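*Asks:* My questions all concern the structure below.
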Amino acid sequence: MYGGLFLTLQELEQSIGGLIRILRERRIALKVITGYGFDNEHNFLTDICGKHYGFSVRQNKAAFNSIEYKRLTSKFGHPTLSSYYEISVWNETGTASIFTDEWCGSWNNGVPNNIIEKIEEVMQLYREGKIHCSDCQIVTPIDDYKRHYFAGRYCNNCWSGSTGTYKNIGGWCEIERKENYE
Ligand SMILES: [Zn+2]
């Protein structure tokens, strides 16, 4: 038995047209976000040593008075906040998350300078063989990360549940154990 996707030629043409439109919109958005005026369809960063990193920027919204809304309000001190931007950076293969941060403000101003400076720092760390724990943000040598959950890399303490988001309830180890990867 084969798994597959069956499309008529017309459907295929429409699908490709949709994909092309999305890629075009993304290319134009990247010019605004990065402030880089030239056309560039490659969605990656390159550091001074020529090492590549994948990245994405997305707009999120938090429903009024949701837990996420309250977290963002306490982080940014903005009582009417309802949308914000999130930027993530991965290693060159996209298999390890090395940075995620968020900001609120105008899309047209691009990524804030303080976040760009942080990204430069994580690139420097990555060149030295170190990354932040995806939960508690402690800096640890990459070789010390024995386990991971998708692209997230967690220190031993957050993995076992003695620190981090899932402290005392099994840690990321328990989250990974329940995952069926479907
Ligand atoms: Zn940690």
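Where a number appears in this text, it was derived from the coordinates with a stated rule and is not lab data. Model, not experiment: these values are computed from the prediction. Here the Cβ positions follow ideal geometry from the backbone for every residue, glycine too, while neighbour counts run over all protein chains shown.
*Asks:* Near the amide H of residue 167, under 5 Å away, which other amide H atoms are found, from residues 5 or more places off or on another chain, if H is placed in the peptide plane?
*Replies:* Hits under the 5 Å cutoff: none.
*Asks:* Follow-up. In percent, what relative contact order does the range 129-182 have, based on Cα pairs under 8 Å that are 6 or more apart in sequence?
*Replies:* Relative contact order of the range 129-182: 24 percent.
*Asks:* Just check the range 64-182 against the gyration tensor rule for me: Cα atoms, a ≥ b ≥ c as the square roots of the eigenvalues, rounded for a/c under 1.5, and otherwise prolate or oblate depending on whether a/b exceeds b/c. Mind dumping the intermediate values first?
*Replies:* Details: a/c = 2.06, a/b = 1.26, b/c = 1.64.
In terms of gyration-tensor shape, oblate.
*Asks:* Right, another one. Give the relative contact order (percent, whole number) for the chain; include only Cα pairs under 8 Å separated by 6+ residues. The partial results should precede the final answer.
*Replies:* Working: 220 pairs, mean separation 22.5, N = 182.
Reported as a whole number, the value is 12 percent.
*Asks:* Something else: For residue 90, which sequence-distant residues (separation of 5 or more, or a different chain) have an amide H within less than 5 Å of its own amide H, given hydrogens modelled in the peptide plane?
*Replies:* Here the answer is 54, 55, 98, since their amide H atoms fall under 5 Å of that of residue 90.
*Asks:* Calculate for the chain the 222 nm mean residue ellipticity that helices alone would give, adding -39,500 (n - 2.57) per DSSP H run of length 4 or more and normalising by residue count, nearest 500 deg cm²/dmol.
*Replies:* Value at 222 nm, helices only: -11000 deg cm²/dmol.
*Asks:* I'd like the chymotrypsin sites (Phe, Trp or Tyr not before Pro) in the range 137-182 restricted to DSSP loop residues with at most 10 other Cβ atoms within 10 Å, sorted by number.
*Replies:* Values: sites: 145, 149, 150, 154, 159, 166, 172, 181; in loops: 145, 150, 154, 166, 181.
Answer by residue number: 181.
*Asks:* For a test of the definition: using alpha carbon positions, the gyration tensor, and the 1.5 limit on a/c, classify the range 129-182 as rounded, prolate or oblate.
*Replies:* Working: a/c = 2.28, a/b = 1.32, b/c = 1.72.
Oblate shape, in that a/c is at least 1.5 and b/c is the bigger or equal ratio.
*Asks:* So what are the ³J(HN,Hα) numbers for the range 121-127, from phi and the Karplus equation (6.51, -1.76, 1.60; θ = phi - 60°), rounded to whole Hz, Gly and Pro as x?
*Replies:* Per-residue couplings from phi come out as 5, 5, 5, 4, 4, 4, 4 Hz.
*Asks:* Now for a separate question. To the nearest 20 debye, what is the magnitude of the charge dipole of the chain about its Cα centre, counting +1 on the Cβ of each Lys and Arg and -1 on the Cβ of each Asp and Glu?
*Replies:* Numbers: 20 positive and 22 negative charges, 76 e Å.
Dipole of the chain, to the nearest 20 debye: 360 debye.
*Asks:* Return the single residue from 22, 142, 169 with maximal mean-square fluctuation; model: Gaussian network over the chain, springs between Cα atoms under 10 Å.
*Replies:* Maximum fluctuation in the GNM of the chain, among the listed residues, is at 22.
*Asks:* Still on this structure: Please report how many Lys pairs in the chain have alpha carbons closer than 24 angstrom, counting only residues at least 8 apart along the chain or sitting on separate chains.
*Replies:* Total qualifying Lys-Lys pairs in the chain comes to 18.
*Asks:* Could you point to the residue in 54, 73, 106 farthest towards the positive end of the range 24-158's charge dipole, with +1 and -1 charges on the Cβ of Lys/Arg and Asp/Glu respectively?
*Replies:* 73
*Asks:* Collect residues whose amide H, placed 1.01 Å from N in the peptide plane, falls under 5 Å from the amide H of residue 153; neighbours closer than 5 in sequence don't count.
*Replies:* 97, 134
*Asks:* I'd like the Karplus ³J(HN,Hα) series for the range 136-146: coefficients 6.51, -1.76, 1.60, θ = phi - 60°, whole numbers in Hz, and an x wherever there's a Gly or Pro.
*Replies:* Once rounded to whole Hz, the list reads 7, 6, 5, 8, 9, x, 3, 5, 7, 7, 7.
*Asks:* Could you give each residue of the range 170-176 its phi-based ³J(HN,Hα) in whole Hz, using Karplus coefficients 6.51, -1.76, 1.60 with θ = phi - 60°, and x for Gly or Pro?
*Replies:* Using θ = phi - 60°, the values come out as x, x, 5, 4, 6, 4, 5 Hz.
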